[in-house]
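The values are calculated or read from the model by the stated rules, or taken from the named source; none is laboratory data. Bear in mind that the values here come from a model prediction, so they are computed numbers and not experimental data. Here Cβ is always computed from backbone atoms with ideal geometry, including for glycine, and neighbour counts include all displayed protein chains. Quick note on the areas: whole protein, heavy atoms, side chains included, nothing else; ligands and nucleic acids left out. Shrake-Rupley method; radii C 1.70, N 1.55, O 1.52, S 1.80 Å.
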Amino acid sequence: LFDEKYSENVRVVSMGDFSKELCGGTHVANTSEILAFKILSESGIAAGVRRIEALTGDAVFAYYKEQEAELAKAAKLLKTAPQSVCEKIEHLYSEIKSLQAENDALKSKAAKDALGDVMNQVQDVNGVKLLAVEVKDVDMNGLRNLGDQLKEKLGDGVVLIASTLDGKVSLMASVTDGAMKK
């Protein structure tokens, strides 16, 4: 309250026994002047104190007109009717998820194909099998999948894969429990 500025006359508005507020002045002669009332936000500003921001009167109608225009714009972009926007978004999310899964599968296959058969590169280091290979243009998820596949083929040992993608180097190392014990 001390941060807020009030004129010389300050009105105290009480709502029952639970709320007392300071008010810089009366803004309407009668509540019918308010017309419509739309809460925009509600937040806590201190312990036990809430701030509500709202629109009244013609500003509410302007707000709804703006929201309606945004909905119409979204519907036009989605090539659907305004009442079908949510349904269209759900459909698009489902399609994106499906395409991402397909894309990941294709990336994994491409990485595996690019790597070829590397089992002839397995080395023995102090009794532990080590497979260290390089593959180009594979992201970290692709490296993880590739590492799992190679570890499965290798059996007990260590798999290390390096890749460069967009000028960045990624390394993936995977070690089986048996190799860790050795």
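Checked against (1) open to solvent by less than 90 Å² (accessible area, probe 1.4 Å); (2) in a helix (DSSP H, G or I), Thr80 meets all criteria but (2).
A quick yes/no check of all residues on (1) under 30 Å from Ala75 (Cβ atoms); (2) in a helix (DSSP H, G or I):
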site	(1), (2)
Glu95	yes, yes
Asn103	yes, yes
Asp113	no, yes
Leu130	no, no
Val135	no, no
Gly142	no, yes
Lys151	no, yes
Ile161	no, no
Ser170	no, no
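From the list Ser32, Ser14, pick out the single residue that is without any contact (Cβ under 8 Å) to a residue 12 or more places away in the chain, open to solvent by 70 Å² or more (accessible area, probe 1.4 Å) and of a type in the set (Ser, Thr, Tyr). Give the derivation first.
Numbers: Ser14 fails: open to solvent by 70 Å² or more (accessible area, probe 1.4 Å).
Answer to the check: Ser32.
Among the residues making up the range 45-66, those that are surrounded by 11 or more Cβ atoms within 10 Å (Cβ to Cβ), in a helix (DSSP H, G or I) and of a type outside the set (A, V, I, L, M) are Phe61, Tyr63, Tyr64.
Val133 meets the conditions (1) without any contact (Cβ under 8 Å) to a residue 24 or more places away in the chain; (2) out of contact with any Lys or Arg (no Cβ under 8 Å at 6 or more places or on another chain) in every case but one. The failed one is (1).
Restricting attention to the range 113-159, the residues that are under 37 Å from the mean Cα position of the chain (by Cα), of a type in the set (Lys, Arg), under 15 Å from Ser174 (Cβ atoms) and open to solvent by 70 Å² or more (accessible area, probe 1.4 Å) total 2.
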